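For reference, the structure is listed below as C-alpha cells.
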Amino acid sequence: MKKLVVLSGAGISAESGIRTFRESGGLWEEHDVLDVATPMAWAKDPEMVLRFYNERRKQLLECEPNNGHTGLAALEKYFDVQIITQNVDDLHERAGSSKVLHLHGELKMARSTADPMMRYEVDGWELKMGEVCEKGSQLRPDIVWFGEAVPAMEEAMHLASTADIFVVVGTSLNVYPAAGLIEYAPAKASLWLIDPNDVEIPINRHVEVIKEKAGKGLDILTRKLL
Ligand code: APR
C-alpha cells in the first residue's frame, strides 16, 4: 500500500471542543507559555503547571474524536497511514488510527522529573504534588515543553522521508522542529494541506491546499485520493 504520512496539529481536535493555541480565544491568549510550558515554569511553580495540564486532561476525558480523526483512521483501508502528531490528546488513537507518533508528548501520561524514561499512566485527570517515581522524584506531565528536545524527531524525519503522500492538517506550522517535517517528504510525494485559514508553508514546492476544517477537508481529500 502507498505510504500516507500525516502531520497533525491542534486544529484537527478543534471540532472535538479542544481549543487551539494561537487562534483568537486560543490557549496561549489566556496562559503565558513561560508560566506553564517550560522547564523554568516547572522549577518555579509546579502547582500552577500541574493545574494547567490537569484542567486539559479533565476536558480531554469529556471529548470524542471528530470526523477529521475518523477520516484518517478510515484511510487505513487504502493506505499505510502513519500519523505524526503535535497533539498531546489521544483522539487519533480513540478514532482507531493504528500508527500514531506523538512529537510533543501525551496528556494521559506522566513522567519522572529526574528520569524521562520513567513514564506512568495518569489515573483519572489529576496529577498531584507528592506523586513520585521509584527514585522519589516528583512526577511531571509527559509533555515536551518549549526549550526541551523532541526525542521522537529522528523517527518522524525518517517516516516523512518514506511518504508517497504527505498531508498537513490543523497546524499553523509555527513550531519547529515539527513544522520542518514537510521538507523531508521525497520529491515524488504529493503534498497536501488542510486548514480553514491561511498557513505559511515553509517550502518552495507545490502543495494542494484544501481550505476547509478537518472533518470536511478529510472528506474532500479522501475523494481526491481515491
Ligand atoms: N480544522 C482544521 N484546522 C483548524 C481547525 C479545524 N476545525 N480550526 C483551526 N484550525 C487550524 C488553524 O487555522 C491553525 O492553522 O489549526 C491551526 C492551529 O494552530 P496552532 O494553534 O498554532 O496549533 P499547532 O500548530 O498544533 O501548535 C503547535 O505549539 O503550542 C505548541 O506544543 C504546542 O503542539 C503545539 C505546537
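The values are calculated or read from the model by the stated rules, or taken from the named source; none is laboratory data. The model shown is predicted, which means the values in this text are computed figures rather than measured ones. Note that each Cβ is placed from the backbone with ideal geometry, even for glycine, and that neighbours are counted across all protein chains shown. What goes into the accessible areas is simple: the full protein's heavy atoms, side chains included, and nothing from ligands, DNA or RNA. Shrake-Rupley method; radii C 1.70, N 1.55, O 1.52, S 1.80 Å.
Yes/no matrix, rows are residues, columns are (1) in a helix (DSSP H, G or I); (2) surrounded by 16 or more Cβ atoms within 10 Å (Cβ to Cβ); (3) of a type in the set (G, A, S):
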position: L159; (1), (2), (3): yes, yes, no
position: Y176; (1), (2), (3): no, no, no
position: A179; (1), (2), (3): yes, yes, yes
position: I182; (1), (2), (3): yes, yes, no
position: A187; (1), (2), (3): no, no, yes
position: E200; (1), (2), (3): no, no, no
position: K216; (1), (2), (3): yes, yes, no
position: R223; (1), (2), (3): yes, no, no
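Looking at the stretch 1-33 only, could you name the residues that are surrounded by fewer than 14 Cβ atoms within 10 Å (Cβ to Cβ) and either without any contact (Cβ under 8 Å) to a residue 60 or more places away in the chain or small (G, A, S) (or both)?
Across the stretch 1-33, the qualifying residues are G17, S24, G25, E29, E30, D32.
Scanning the stretch 122-145 for residues that are away from the ligand (no atom under 16 Å from the Cβ) and of a type in the set (V, I, T), which turns out surrounded by the fewest Cβ atoms within 10 Å (Cβ to Cβ)? Step through it out loud before you land on a result.
In the first step, residues of the stretch 122-145 are kept if they are away from the ligand (no atom under 16 Å from the Cβ); the result is 122-139.
Now narrow it down to the ones that are of a type in the set (V, I, T): 122, 132.
Values: V122: 19, V132: 13.
Restricting to residues being away from the ligand (no atom under 16 Å from the Cβ) and of a type in the set (V, I, T), the top hit is V132.
Select from the stretch 77-106 the residues that are in a helix (DSSP H, G or I) and open to solvent by less than 50 Å² (accessible area, probe 1.4 Å) and write down the one among them that is farthest from K3 (Cα to Cα). Can you show your working first?
Filtering the stretch 77-106 for residues in a helix (DSSP H, G or I) gives 77, 91-94.
Pick out the ones that are also open to solvent by less than 50 Å² (accessible area, probe 1.4 Å) and you get 91-92.
Values: L91: 21, H92: 18 Å.
Once the filter is applied, the top-ranked residue is L91.
Which members of the stretch 60-69 meet the condition of being within 15 Å of the ligand (Cβ to nearest atom) and open to solvent by 60 Å² or more (accessible area, probe 1.4 Å)?
E64, N67, listed by residue number.
Could you grab me the full set of residues in the stretch 66-115 that are of a type in the set (A, V, I, L, M, F, W, C) and in contact (Cβ under 8 Å) with a residue 40 or more places away in the chain?
Selection gives L72, A74, L75, F79, V81, I83, I84, V88, L91, L101, L103, L107.
Residue under question is W125, and the condition is that it be assigned to a strand (DSSP E or B) and not aliphatic (A, V, I, L, M); does it hold?
Taking the combined requirement at face value, the residue does not satisfy it.
Can you tell me which residue in the stretch 12-51 is farthest from F146 (Cα to Cα), limited to those that are modelled with pLDDT under 95 and touching a Gly at 6+ places or on another chain (Cβ under 8 Å)?
Top of the filtered list is R19.
Those residues that are away from the ligand (no atom under 13 Å from the Cβ) and under 20 Å from the mean Cα position of the chain (by Cα), I need them from the stretch 167-209; list them, please. Even if it seems obvious, please write down each step before you answer.
If we filter the stretch 167-209 for residues that are away from the ligand (no atom under 13 Å from the Cβ), which is where we start, we get 183-191, 203-208.
The answer is E183, Y184, A185, L191.
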